[in-house]
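These notes are about the structure you will find just below.
The values are calculated or read from the model by the stated rules, or taken from the named source; none is laboratory data. Predicted, not measured: the structure shown is a model, and the values here were computed from it. Cβ: placed from backbone, ideal geometry, glycine included. Neighbour counts: every protein chain shown.
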């Protein structure tokens, strides 16, 4: 983050930034996945689910590495209603062989040919990063798949600022 002087308050503030680039590949190893079912979405407490996932990882002799990854997929159902599927992904230092519901384990996830966005700014404005990706895809005649991987790298609660990486796969 690039701090800028806030002349009025004498404090430091972070410069907002959205950078987009093409032809990136997302690579994940030893990924524990917790898909949130549609009937759970209203009642889910993300922090509690992530704590449960971390406990499961530790109970199986592994360690979480890297930040939390949120996978979203949007599709239209038979009645033309938008359905959003959400999953939490955590990478581990090793695979876990004894997987139990509601978890799934993948040894490797590789998503090639992605549009990539690096976002720095207020959490409530992060939608602008997705919007900018849509604009870049429109301007460059690039079709994006209806799924994204969002990685929250840093969160400054006091400054209400997050640093996030977003990957969206481009259609061939």
- Note on the structure: The number of residues in segment 141-161 that are touching a residue at least 40 places away in the same chain (Cβ under 8 Å), farther than 23 Å from residue 33 by Cα and either in contact with a strand residue (DSSP E or B) (Cβ under 6 Å, 6 or more places away or on another chain) or part of a loop (DSSP other than H, G, I, E, B) (or both) is 3
- Message: Take the residues in segment 70-95 that are at pLDDT below 95 and in contact with a helix residue (DSSP H, G or I) (Cβ under 8 Å, 6 or more places away or on another chain); name whichever of them is surrounded by the fewest Cβ atoms within 10 Å (Cβ to Cβ).
- Response: 83
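Tally time: how many residues in segment 62-105 are in a loop (DSSP other than H, G, I, E, B) and under 28 Å from residue 155 (Cα atoms)? Before you say what the answer is, go through the steps one by one.
Our first condition is that a residue be in a loop (DSSP other than H, G, I, E, B); within segment 62-105, this holds for 62-63, 77-81, 93-102.
Narrowing further to those that are under 28 Å from residue 155 (Cα atoms): 62-63, 93-95, 102.
Matching residues across segment 62-105 total 6.
Does residue 113 count as surrounded by fewer than 17 Cβ atoms within 10 Å (Cβ to Cβ), at positive phi and touching a residue at least 60 places away in the same chain (Cβ under 8 Å)? Walk me through it before giving the result.
Details: surrounded by fewer than 17 Cβ atoms within 10 Å (Cβ to Cβ): yes; at positive phi: yes; touching a residue at least 60 places away in the same chain (Cβ under 8 Å): yes.
So residue 113 passes the test.
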- Would you tally the residues in segment 29-69 being buried (at least 16 other Cβ atoms within 10 Å of the Cβ), in contact with a helix residue (DSSP H, G or I) (Cβ under 8 Å, 6 or more places away or on another chain) and over 23 Å from residue 111 (Cβ atoms)? 0
- Message: Consider segment 8-22. How many of its residues are modelled with pLDDT under 95, in a strand (DSSP E or B) and either at positive phi or loosely packed, with under 13 Cβ neighbours inside 10 Å (or both)?
- Response: 2
